[in-house]
Amino acid sequence: MLVNADGVSVTIGETVLLATTSIQAEAGEVVALRGGNGSGKTTLLRVLAGVMPPTAGRAEIASEPVNQSSPIFRRRVASLIGLPPLARNLTLAEHLRLVGLTWNESPESVDAATRKLLDTFGLGALGSRFPHELSSGQTQLFALALTFARPSDVILLDEPEQRLDADRLARVRDGIRGVVAQGRTVVMATHSQWLADEISTQTVTLVEAAAVDG
């Protein structure tokens, strides 16, 4: 099992951020997390990313406990939970090359991957632009490209459809299909029924704690 969240929940004081939830996914799967605002979708992603410990239950990646301090875990898991920090003095292509080279990819493979990612997300003509020159939709697509640029086994995405119209949403679908074809697993929180229907292999619907208690 590549991704395993077994009975995880998160409570802070008397506030339940995530009611007891379990998900399992093998390599090459796409798990769509569905549910209304406040149901804990983002919290579950944070647990899987290792930035928020569960109050109960256990979370594992490749049968190992989630541990952000582990270099092995950090190489296995890439996440887009909120826009990443972007450097105003680096172009889009330079950002992508920097990510690839940071993870010890060869310069030749980094250049090829950079061109492919820019094209996949409809940014091929914008490689020499700076992040502050992008529209909000283009920024979202570039954030996804940055997340996909680094090697990983698992990709965690929080509402990848944000700020995107229907045409650009198809770019997200195609980008996710591309990484899944590489054997990577995607867990995404989404409000888009269309995106979930297009690419998910399983859907997990989360409910607010109040609904569970009631």
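Values computed for the structure shown
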{"item": "Number of positions in the range 24-43 that are in contact (Cβ under 8 Å) with a residue 24 or more places away in the chain and touching a strand residue (DSSP E or B) at 6+ places or on another chain (Cβ under 6 Å)", "result": "13"}
{"item": "The range 193-208, residues that are of a type in the set (D, E, K, R) and over 21 Å from Thr43 (Cβ atoms)", "result": "Asp197, Glu198"}
{"item": "Residue that is farthest from Val31 (Cα to Cα), among those in the range 164-195 that are in contact with a strand residue (DSSP E or B) (Cβ under 6 Å, 6 or more places away or on another chain) and hydroxyl-bearing (Ser, Thr, Tyr)", "result": "Thr190"}
{"item": "Enumeration of residues in the range 37-53 that are in contact with a helix residue (DSSP H, G or I) (Cβ under 9 Å, 6 or more places away or on another chain), under 16 Å from Glu208 (Cα atoms) and not hydroxyl-bearing (Ser, Thr, Tyr)", "result": "Gly38, Gly40"}
{"item": "Residue within the range 131-138 that is over 22 Å from the mean Cα position of the chain (by Cα) and hydrophobic (A, V, I, L, M, F, W, C) present", "result": "no"}
{"item": "Residue among Arg173, Arg177, Arg184 that is in contact (Cβ under 8 Å) with a residue 12 or more places away in the chain and farther than 26 Å from Thr43 by Cβ", "result": "Arg177"}
{"item": "Failed item in (1) without any contact (Cβ under 8 Å) to a residue 60 or more places away in the chain; (2) buried (at least 18 other Cβ atoms within 10 Å of the Cβ); (3) farther than 25 Å from Arg171 by Cα, with Gln138 passing the rest", "result": "(3)"}
{"item": "Number of the exception - Asn104 against (1) modelled with pLDDT of 95 or more; (2) on the phi > 0 side of the Ramachandran plot", "result": "(1)"}
{"item": "Selected residue [of a type in the set (A, V, I, L, M) and either surrounded by fewer than 16 Cβ atoms within 10 Å (Cβ to Cβ) or touching a Cys at 6+ places or on another chain (Cβ under 9 Å) (or both)] from Ala143, Ala189, Ala125", "result": "Ala125"}
{"item": "Odd one out for Thr102, checked against (1) more than 28 Å from Val47 (Cβ to Cβ); (2) surrounded by fewer than 17 Cβ atoms within 10 Å (Cβ to Cβ); (3) in contact (Cβ under 8 Å) with a residue 40 or more places away in the chain; (4) of a type in the set (S, T, N, Q)", "result": "(1)"}
{"item": "Filter pass, Ser69 being surrounded by fewer than 15 Cβ atoms within 10 Å (Cβ to Cβ), within 18 Å of Arg46 (Cα to Cα) and hydroxyl-bearing (Ser, Thr, Tyr)", "result": "yes"}
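The values are calculated or read from the model by the stated rules, or taken from the named source; none is laboratory data. From a predicted model like this one, the values you see are computed outputs, not experimental measurements. Don't worry about glycine lacking a Cβ; one is built from the backbone with ideal geometry, like all the others, and counts go over all protein chains shown.
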